[in-house]
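Values in this text are rule-based calculations from the coordinates and carry no lab data. Not measured: the values here are computed from a predicted model. Cβ placement follows ideal geometry from the backbone for every residue including glycine, while neighbour counts extend to all protein chains displayed.
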Amino acid sequence: MANCAIVGINWGDEGKGRMVDLLTGRFDVVVRYQGGGNAGHTVVNEYGKFALHLLPSGIFRPGVMNILGNGVALDLENLWQEMEQVRAQGVALTPENLRISERASLLLPWHRALDGLEEARLKDRAYGSTRQGIAPFYSDKYQKKTLLAGELFDAEALRAHAAHLTEWKNLTLKGVYGAEPVTVEQLTEWLVTYGEKLKPFICDTTKLLRQAEREGKRILFEAQLGTLRDLDFGIVPYTTSSNPIAAYAPVGAGMPWAKLDEVIGVVKAYSTCVGEGPFVCEMFGEEAEKLRQAGAEYGAKTGRPRRVGPIDLPATRYGVAMQGATGIALTKLDVLSGMDEIPVCAKYRLDGEETDDFPFPTKLDRCEPVMTTMPGWKEDISGVRKWEDLPKAARDYVEMIEKAVDCPITYVSVGPERDACIERK
Ligand code: GDP
């Protein structure tokens, strides 16, 4: 486990934070490599319950260095607020355990404003954005119209660059959306307020990672969301604006030369999806509500009820392949306890033909799920810690998924607590 990525295989919310929190004990460094404060990684441990948005999930482990890589959307204000909340619960955050890449681009207040303005303009065609400014941020990053964290160290040059960007951004705010323009003073004040607090954490993290690698340190790459939200390989346009796939981890973390020794793909024992977009296996009505309540499926960031469905084998197989997963962590198996039969979306039917493949995004609306069932189990399995102690029906269910997606399931999680996990050797 020298270089290992922990990624979501499906639509996000698979339980990545929980798996990172469990496995960080085996790593020296944890790096978040993409996305921003729109993530919601739930972690339950001795400090309490946390919904981490931008902070890497390794911050609870003494001795682990946590890094926000160049690929993240660095919202100084949200990050600072999150740090204050986490500190209030007794977790120390200092440059000893948290560093921010000087090459990370800054998500500015106008990105959040523009996210809301565009969703409002789209009305019933909205993408279901979390309105954290992620899409406008990444658009500007690729236009090279953002500030880098490292620029905070040169006040004069920063102000000049901020003035240049403000002039440009006001053309859109006023001209396209008829919104209030932003002044250079407003932007500079925001940059100084939060920049001063966070400057002690900002450094050349690539240098730090090279050093860590030389010393033989073990590095964990932490993703946000899942394969189907990947900008290039997901359900476009209902994706995020960055690349959660493992292949992007070395780039977004700041180690573009690095190779991944292991990719752990996190899969939930059933499906959930927050927000808009095609969700072929979706269940409705009473059956859906029961599953939603059993799994407490409400968004960690937004509180929105998650759409739910059975495990989706075509989507999961595709996710595993795109991630190059070497092993799977199957989470929330305990939630399925008590069902007589467990529904499974085995294939899709597209234009009358059954398929095992996950289709091109625009064809998804024409797909229907082809359902089968597996026998359920009645026992409460949340206390089980050994594979052989699981009811046979539960083992059969796990093995069925393993076979269908052609990847070993190495961890089976049966509860949100750190130790509620079965490791299969
Ligand atoms: P992430 O964004 O991928 O980290 O996932 P979320 O935090 O959005 O969602 C996972 C939710 O499931 C959190 O509330 C976790 O505490 C919870 N959870 C994770 N693993 C398990 C499990 O095995 N069983 C149960 N019952 N809950 C779990």
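Axis of helix 205-214 versus longest Cα principal axis of the chain: the two differ by about 50°, to the nearest ten degrees.
Share of Cα-Cα pairs in segment 198-342 beyond 28 Å, in percent? Taking all Cα-Cα pairs of segment 198-342, the fraction more than 28 Å apart is 31 percent. For segment 53-144, the gyration tensor built on C-alpha atoms gives a prolate shape. Its axis ratio a/c (a ≥ b ≥ c) is at least 1.5, and a/b is the larger of a/b and b/c.
Global size of the chain: 21.7, 68 Å for Rg and Dmax (C-alpha atoms, Rg to one decimal, Dmax whole).
The overall shape of segment 1-74, judged from the alpha-carbon gyration tensor, is rounded, with an a/c ratio under 1.5.
Only the Cβ atoms of Lys and Arg (+1) and of Asp and Glu (-1) were treated as charged; on that basis the dipole of segment 1-101 about its Cα centre amounts to roughly 220 debye. Per-residue packing, averaged as other Cβ atoms within 10 Å, sorts the ranges 8-18, 148-158, 40-50, 214-224 into the order 8-18, 214-224, 40-50, 148-158, beginning with the highest. Counting only alpha carbon atoms, the long axis of helix 155-175 and the longest principal axis of the chain meet at about 70°. Relative protection proxy for 291-297, 172-178, 257-263, 128-134, from highest mean packing down: 128-134, 291-297, 257-263, 172-178 (other beta-carbon atoms within 10 angstrom).
Give me the angle, in degrees from 0 to 90, between the Cα long axis of helix 392-405 and the longest principal axis of the Cα atoms of the chain, rounded to the nearest 10. It works out to around 60 degrees.
Straight-line cross-link reach from K174 at under 20 Å between alpha-carbon atoms covers these lysines, not counting any fewer than eight positions away in the same chain: K123, K145.
With a ≥ b ≥ c taken as the square roots of the eigenvalues of the C-alpha gyration tensor of segment 318-395, please select rounded if a/c is under 1.5 and otherwise prolate if a/b is larger than b/c or oblate if it is not?
Oblate shape, in that a/c is at least 1.5 and b/c is the bigger or equal ratio.
How big is the shadow of the Cα convex hull of segment 292-425, averaged over all directions, in nm²? Directional mean of the projected Cα hull area for segment 292-425 stands at 9.2 nm². Taking Cα centre as origin and charging only the Cβ of basic (Lys, Arg, +1) and acidic (Asp, Glu, -1) residues, the dipole magnitude of segment 108-262 rounds to 160 debye. With the charge dipole of the chain set up from +1 on Lys and Arg Cβ and -1 on Asp and Glu Cβ about the Cα centre, the Cα lying farthest toward the positive end among the listed residues V370, G133, F233 is that of G133. Using Cβ point charges alone (K and R +1, D and E -1), the dipole size of the chain about the Cα centre works out to roughly 660 debye.
The residue among P343, V320, L333 whose Cα reaches farthest toward the positive pole of the charge dipole of segment 316-365, with charges on the beta-carbon of Lys, Arg, Asp and Glu, is V320.
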